[in-house]
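These notes are about the structure you will find just below.
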Amino acid sequence: MDSSTILQITLIGLISGVLGTALGGLFGVILNISKGNRLSIIMGFAAGIMMTIVFLELLSETIDMNLVEWGVVGLTVGVLVFLIIDLIIPHHHPHSQDGMGSTYLKKGALMTLGIGLHNLPEGLAIGAGFAASQDLGFTLAIVIAIHNIPEGLAVATPLIMANISRFKVLLITAAAGFPMAAGAFIGALIGNISPVFLAASLGFAGGAMLYIVCDELIPDAYNIARSEHYPIMGILFGVVIGIVLIYLVNF
């Protein structure tokens with residue numbers, strides 16, 4: 001993989017990260033979907049589509065490479081790394097909105113930092129995906145951009161409640177996606193080292209996404225829903241769309 005290709009992958013990672021979080025910020029500013037059933041459906045949808053990609057694309061790719069054992073190692077490391085990140089720099093989830101003024105501002109800053117750090121290994125997933133195949137890379141870029149919409153909402157909500165101007169909220173939410181470019185760059189480099197590194201990187205990406213789904217998206221979707229049936233409908237829709245997306249990309 002030459003330097004121009006790696007640069008293109010880095011740019012795709014940047015667009016995926018910034019577009020997703022900025023869209024989330026935009027929705028928070030103009031559509032008022034920062035809580036309740038609508039957000040729970042969006043979060044369930046993101047969880048469903050990400051879980052589908054983890055098992056039907058990332059781990060499936062390591063099986064096709066006959067390196068599934070390294071995929072499992074990477075998966076385990078990915079979950080553990082995200083667990084450590086959450087322990088070191090925990091970020092408040094969108095349903096916890098108690099506080100006033102400076103408390104909201106502090107919460108927004110912590111949320112921006114936490115999600116920015118989360119976006120680094122997600123960018124790694126995109127880079128490693130492109131190292132495996134162009135189709136997988138583009139699929140991951142789309143899926144992670146969708147996932148970043150509720151993350152952008154999570155950043156925007158406390159900032160809006162702290163009376164930050166709407167323009168600044170959009171800039172901050174977009175900035176939270178920037179680390180994904182660095183992750184995509186690193187993922188493309190590591191994925192090119194050897195098939196073993198590639199399989200481990202794909203597994204790591206799967207573990208990171210699995211942690212996000214199970215520890216954040218699904219619990220938050222149920223916590224903020226006014227009815228327990230809304231999240232499962234979002235999850236189902238996400239799984240179906242994920243399968244359709246994989247089929248169309250690989251057709």
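The values are calculated or read from the model by the stated rules, or taken from the named source; none is laboratory data. These numbers come from a predicted model, not from an experiment. Cβ sites come from the backbone with ideal geometry, for glycine too, and all protein chains shown count toward neighbours. Accessible surface areas use protein heavy atoms only, side chains included; no ligands, DNA or RNA. Shrake-Rupley method; radii C 1.70, N 1.55, O 1.52, S 1.80 Å.
Of all residues in the stretch 190-243, those that are among the charged types (D, E, K, R) and either free of Cβ contacts under 8 Å to residues at least 24 places away in the same chain or open to solvent by 20 Å² or more (accessible area, probe 1.4 Å) (or both) total 3. Of all residues in the stretch 201-251, exactly one satisfies the criterion of being out of contact with any Gly (no Cβ under 8 Å at 6 or more places or on another chain), within 22 Å of Ala154 (Cα to Cα) and among the aromatic types (Phe, Trp, Tyr), namely Tyr222.
Looking only at the stretch 25-43, which residues are modelled with pLDDT of 85 or more and touching a Gly at 6+ places or on another chain (Cβ under 6 Å)?
Gly25
Looking across the stretch 211-242, the residues that are at pLDDT below 90, of a type in the set (A, V, I, L, M) and in a helix (DSSP H, G or I) come down to Ile212, Val213, Leu217, Ile218, Ala221, Ile224, Ile241.
Here's the yes/no breakdown for (1) at pLDDT 85 or above; (2) touching a Leu at 6+ places or on another chain (Cβ under 7 Å):
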position: Ile63; (1), (2): yes, no
position: Ile85; (1), (2): no, yes
position: Ile89; (1), (2): no, yes
position: His92; (1), (2): no, yes
position: Ser96; (1), (2): no, no
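Determine whether the stretch 177-184 contains at least one residue that is within 12 Å of Met50 (Cβ to Cβ) and either over 13 Å from the mean Cα position of the chain (by Cα) or touching a residue at least 60 places away in the same chain (Cβ under 8 Å) (or both). So far as the stretch 177-184 goes, no, none of its residues is within 12 Å of Met50 (Cβ to Cβ) and either over 13 Å from the mean Cα position of the chain (by Cα) or touching a residue at least 60 places away in the same chain (Cβ under 8 Å) (or both).
Of all residues in the stretch 192-210, those that are farther than 26 Å from Ser40 by Cβ, touching a helix residue (DSSP H, G or I) at 6+ places or on another chain (Cβ under 7 Å) and in a helix (DSSP H, G or I) total 9. Per the listing Ile160, Ile164, the residue uniquely open to solvent by 20 Å² or more (accessible area, probe 1.4 Å), part of a helix (DSSP H, G or I), aliphatic (A, V, I, L, M) and touching a residue at least 24 places away in the same chain (Cβ under 8 Å) is Ile160. Within the stretch 167-176, the set of residues being of a type outside the set (Gly, Ala, Ser) and either buried (at least 18 other Cβ atoms within 10 Å of the Cβ) or under 21 Å from Thr52 (Cβ atoms) (or both) comprises Val169, Leu170, Ile172, Thr173.
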